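Input: a single structure, listed below in structure tokens.
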Amino acid sequence: MSTTNAPAKPGRSLGRTLLQGGTVIALIALIAFFFAMRPDVFLSFTNVKNILFQVSILAIIASAQTVVMVVGDFDLSLGATSSLAGAVAAALMLGGVPMWTAISVAAGVGLLIGLANGFLIAYLRLSAFVATLATMTSVVGLAYLVTAGTTLFSLPEGFNNLGQGKFLNVPLPVYIAIVISLIIWGTLRFTTIGRSWHATGGNQEVARLSGVNVRRARLLAFTLAGLVSAIGGILLAARLGSASAVQGSDNMMFSVAAVFLGMTVIRSGMANLGGTMVGVTIIGVMSNGLNILGVNSYVQQVVTGLIIIAAVTLSSLKNRER
Amino acid sequence: MNAALTTEDSSHTIALEARDIFKHFDGVHALSGAQLSVRKGEIHALLGENGAGKSTLVKVLTGLYTPDSGTIVQNGSDVEFANVRVANRAGIVALYQELSIIPSISVAENIMLGEQTPNRGGLVQWKTLRRGAQEQLDRLNQTIPLGKLAGELSPVQQTMVAFARALATNAQVLILDEPTASLTDTEIKDLFAVLRKLRDQGVAIVYVSHRLEEVFELCDRLTIMRNGETIITKNVADSNIDEVISTMVGRAAGELYPERGTATSTVALTVEKVDGRKVKDISFTAHKGEVLGIGGLAGSGRSELLRILAGAQKHTAGTITVGDKTLRPSPGVSRALEAGIALVPEERRSQGVILSATIQDNIALANIPGVSSFGFVSGSRIVDITRQGMLDLQIKARGQRQPVGELSGGNQQKVVLAKMLARKPKVLLMDEPTRGIDVGTKAEIYRLIRELAAGGTTVVAVSSELPELMGMSDRIIIMHEGQISGEVQASEATEEILLAYCYGKADSHVNN
Amino acid sequence: MRKKFTGVVAIAAIAAIAAIGLTGCSTTASTDTASAKPFKVIAFTSGNQTPIGAWWVKAVTAEAATNGWELTMIQGDFDFTKMNPAVESAIGQGADAIFDGYTDVASIGSIVTAAKDAKIPIFAMDSATAVSDAFVTNITTNQQGIVDQTLGAISAKIGGLKGKNIMVIGHDPHPGIRMRAGLAKDALIKAGANIAGGDVQKVKSPATGRTEALALVADYLTAHPGGLDAVWVGWDDAALGALKGVTEAGSAAVVTGVDASSEAIAGIEAGGNFLATIDQPWPSILKMIDADLLAYQKDGTLPAKSFIAVDANLVDITNAATTTPSDKL
């Protein structure tokens, strides 16, 4: 209250600015720290390329998670959906199906899972937690069935190239991740459906009374997320040259973490794609930097969690006073 | 209006005093030298327009905010409340405007929440808990089943539960923020009786309200705030409503309601035999340029009728016709909007605006078809309609991109209006158009409604305040238990006639 | 309309769940035999989602059918809070013998106690890396032998181990991998090699072992260009990730794994940096335990030794073509 007729605020304090940008500053501090520790290596072309390569698939799945979280829900099944899509593509190609057909079918499977999630949540009014937990369970089972519990490999050269090939010495998944996140950014920002998603996430009842078809908006958000995460999973299979039932399972938690980190970047505290990319980068830089410093991977996991807590706490301080 | 008891009988001991309180947020001063002195055994009204600093002062008194400077004195000694719990322990309890009940737990648990929960070694003593909760409800003369989930209660009962909880903490100073907002007249009478009893027991009560009639009926003294400062404290008996309003607004109270009489004979909205949840067999017409008021007690189906008309709630029978176009049954909000019916809903904060979103985004929300082509929205068109809306309605804000949550209640309501007016509706439905809005902005809203009507819009407005119904409408329909119980021209209406209709008593042939 | 539809969906969902339940995880394959009281065996594994675990489930079910045992097969999906109670309740219903496949003794304490109380012996396969009084017998592979063979292959390829930079990748929650990674580290230090990163590099989850190993190797090679002569990996799936990291960085380092998965064997046959893997003779180990169980069924004879470590075979370019992959058993 009482800020109603406030004039433009005179210069805000440095401290406040630091708090506001907590997460971005954490990222810059991380980069500065690793650069100081290994100036010869950390910001070298090879290593930056490495980091981008390593986070490209997470970036795709985190974009999908962003869409769902903009609508105010979240999707636990994205990691499993991506694994299943990779497995379906691999199984079909090993069965002699042409590459692009296999990819399309696999992407379609992801889309259908997203559609099912959306239907359960928007139309049958299940909670997102229950619905996506259940589909995750089933989808993991399907992935085991598709792979028969083994790792599928010997995929066609052309397919592996999608994940391992390079253009201008930069791996293709990096470009694909950039294109997909740009498309999603544009969709969220410039399209009517993007506006409907923001409105639904802001306040469902307000959106409904304003003439937004809230149920369709949620359905479409989950559907898009399913499709995009499937693309991520197909790319992961191409990148590894193989597909197993669980190979993308860590992407689910990391994608949620990235979106949460990203929510701290903007003032309104809503999920946003730019912020998500900052979050993805933090996670990627952490893992790569600590690997380069030779830090034990268990310690890495502890530190990653702490960094997330630190960034989120720092950013939440700014809201404390209200 | 009863003359309030004078405070002469009380001992004049000061229960709680705030001296020279300053508080600012983001460089904006919310309080600059606020004073308040509440005596034991009095009901003290705290008045002021929205944004005058009442709520901030209350939050300082209850430990929610720490003041920048100034002192709080309780029973003669300086105190500092680090947080709400400390203030609660000191016997200072606030009951806020936004109901603070937990819908998912029982009535008894709500009343005996937190430190009031009796326990032995961490185990809840259910018998003691229920007995304690029943005691508080008895003090309020309420018969609410203790085991029921609080979320299943009516809003009225929820208020009572929140109130019972405040009583359960043995408050010495009780701060009530708009406690009667969703209560019926009978319930208000009961509440006032309880408050008077508490006062006689020596409790100090701070009563924050926009309803001045209530203040003059109930309170002993009043303090008026404006722009974060305390302007005056005096005995209610020595004041009058006009003086209070002019002190609050800082200028003489002008005529609140504009001239009537822009209604034409062209029918704009025809409702025939509409049935739905809480609504039975409703038929009426509204004309171009007319302001049609709809009244009735809480729960009489007023809001549901508006929601059905707006496509936000299903109807099971009947037809709705705008101009000469009959809508399909249960058209949905989007089709109703296209047909020219727009709704400004009752609960502004939960139904009207997205608080975290900007003014732009809120206004764009209801106008997606208007600001987009081929699925892409146009930023410049959003800027245009937002600028137009802010100009037309004189919305005070830092800019188009200010989050709506930072605006005052009146300006938030104007954003809701702007959002819907950008659709250029033929029929504008408004549910409690001035709830929680200060007097100054109320007058603006009434003028606006009249301007819209003069421009050919049909306004159908629900209000639970009879003076407002009579002041703003051309014609009034009263609902009782889901049906229309009476209709009267506003110029011929009196509170007695309207109240009789509200209780479904009068014959329906008066003044048609 | 909505209600009716929801009802239909609910019924369909219930039907689907019922169907899954009928065909679901813990199958009870009982075999009718002429004898009035068939020999009852409870078999369980937590690793049924791995190729070898899946083979074991099939192989044990087949053995039981051949021998006329009444078999209760419990598949734990790596979830001990689900598997252990299931096994214990089966024990409660009575059995003659228990057969543990690939489940670490450390994770089944409650099962061991329940079996001891019910006086039912547990026969185990690859369930501990040392003598354990939980089992009447536990037959596994010789971890020291595995390490000696793989390091021998590396040494031969890169010209001795002294002064060479070698990364060891392990995964601690798996007792076999933990043990052999530790043994490999000790042997390498003893031989005068440098352990890359100073210690065993640890993969956090077997599910993402391949991606994790890839990142470990790629990041290490960025920080230390040309800094690896070999990568010793405790199991094939992660070894294949390490192989990718090595080849993508253009390093000449050789990689070894353990398991003889078909993908690893194909990698060896391709003649690249994948040097060797280990074929663990699970079918013959299963035969040994089968014999022990039959002996016990006949007259209560318990196995002579409570711990046997069987030697495994090195698979390299010379015999890759003739080795049956572990996931094709």
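Just so you know, all these numbers are worked out from the coordinates, no wet-lab data involved. All values reported here derive from a predicted model rather than from experimental measurement. We place every Cβ from the backbone using ideal geometry, glycine too, and count neighbours over all the protein chains shown.
Reported to the nearest whole Å, the Cα centre-to-centre distance from region B:153-189 to region B:24-78 is 21.
Expressed in Å, the radius of gyration and Dmax of the Cα atoms of region B:358-512 are 18.3, 56. The label point for B:R89 and the one for A:N161, both projected 7 Å from the Cα toward the Cβ, are 7.3 nm apart. Rounded to the nearest 0.05, the FRET efficiency derived from the C-beta distance between B:T13 and B:T117 at R0 = 22 Å is 0.10. Computed over chain A with a Gaussian network model linking Cα atoms closer than 10 Å, the most mobile of A:I121, A:I60, A:I231 is A:I121.
In summary, the convex hull built on the alpha carbon positions of region A:57-247 has an orientation-averaged projected area of 10.4 nm².
At a Förster radius of 22 Å, what calculated FRET efficiency corresponds to the Cβ-Cβ distance of A:A36 and A:V295, to the nearest 0.05? If you can, show how the numbers build up before the last one.
Numbers: r = 15 Å, r/R0 = 0.70.
It comes out at approximately 0.90.
Restricting to Cα atoms and excluding each atom paired with itself, what does the Kirkwood estimate give for region B:278-359 in Å?
Details: mean 1/r = 0.0709 Å⁻¹.
14.1 Å is the Kirkwood radius here.
A simple rule links phi to the HN-Hα coupling: the Karplus curve 6.51 cos²θ - 1.76 cosθ + 1.60 with θ = phi - 60°, which for region B:232-249 gives 7, 10, 8, 5, 4, 4, 8, 10, 8, 4, 4, 5, 4, 4, 5, 5, 5, 7 Hz, with x for Gly and Pro. Shown here for region B:48-128: GluC sites (Glu not before Pro) in loop regions (DSSP other than H, G, I, E, B) with at most 14 other Cβ atoms within 10 Å, namely B:E80, B:E98. Over all distinct Cα-Cα pairs of chain C, the Kirkwood formula returns a hydrodynamic radius of 21.5 Å. Take the Cα of B:S350, go 7 Å toward its beta carbon, and the backbone nitrogen atoms of region A:183-200 under 20 Å from that spot belong to A:199-200. Derived scalar couplings between HN and Hα for region A:45-52 equal 3, 4, 6, 4, 4, 4, 4, 4 Hz in order, rounded to whole Hz, by the Karplus curve 6.51 cos²θ - 1.76 cosθ + 1.60 (θ = phi - 60°), x for Gly and Pro.
Annotation for A:T46 and C:L302: the two label points, set 7 Å from Cα along the Cα-Cβ direction, are 5.9 nm apart. Distances between every pair of Cα atoms in region B:351-423, grouped in 10 Å steps from 0 to the bin holding the largest one, split as 23, 58, 17, 1 percent. Summary value for region B:351-423: 48 percent relative contact order, contacts being C-alpha pairs under 8 angstrom separated by 6+ residues.
Please compute the contact order of chain B in relative form: average sequence separation of alpha-carbon pairs under 8 Å and at least six residues apart, divided by the residue count, as a percent. Intermediate results must be reported in sequence, preceding the final value.
Numbers: 1088 pairs, mean separation 76.3, N = 512.
About 15 percent, as a whole number.
Annotation: chain A has a Kirkwood hydrodynamic radius of 20.6 angstrom, from the mean reciprocal C-alpha pair distance.
Which residues does the label zone of A:F190 cover in region B:351-374, counting backbone N under 20 Å from a point 7 Å along Cα→Cβ? Correct set: B:361, B:364-365, B:368-374. Label reach from B:K280 (point 7 Å along Cα→C-beta): in region B:304-334, amide nitrogens under 19 Å belong to B:304-306, B:308, B:314-319.
Mean sequence separation of contacting Cα pairs (under 8 Å, at least six apart), scaled by the length of region A:57-247, corresponds to a relative contact order of 46 percent.
Would you calculate a helix-derived [θ] at 222 nm for chain B, using -39,500 (n - 2.57) for each DSSP H run of n ≥ 4 and dividing by the full residue count, to the nearest 500? Present the calculation step by step, with values, prior to reporting the outcome.
Working: 16 runs with 160 residues, N = 512.
Computed mean residue ellipticity for chain B: -9000 deg cm²/dmol.
Quick note on chain B: its Rg to Rh ratio, both from C-alpha atoms and Rh being the Kirkwood radius, is 0.98. Across all directions, the shadow cast by the convex hull of the protein assembly as shown built on its C-alpha atoms averages 54.1 square nanometres. Close amide H partners of B:E229, meaning residues 5 or more places away or on another chain with modelled amide H under 5 Å apart, are B:S32.
In this rough spin-label picture, where each label sits 7 Å from Cα along the Cβ direction, the A:S138-B:R196 distance is 6.4 nm.
Distances between every pair of Cα atoms in region C:184-329, grouped in 10 Å steps from 0 to the bin holding the largest one, split as 11, 33, 30, 16, 8, 2, 0 percent.
When the alpha carbon gyration tensor of region B:101-170 is reduced to an equivalent ellipsoid, the three semi-axes, largest first, read 18, 13, 10 Å. Residues whose amide H falls under 5 Å from that of B:L343, counting only those 5 or more places apart or on a different chain, are B:L429, with hydrogens built in the peptide plane.
Which value does Rg/Rh take for region B:38-163 over its C-alpha atoms, Rh per Kirkwood? Rounded to two decimals, Rg over Rh is 1.01. Shape analysis of region A:153-262 yields a ratio of the Cα radius of gyration to the Kirkwood radius, Rg/Rh, of 1.08.
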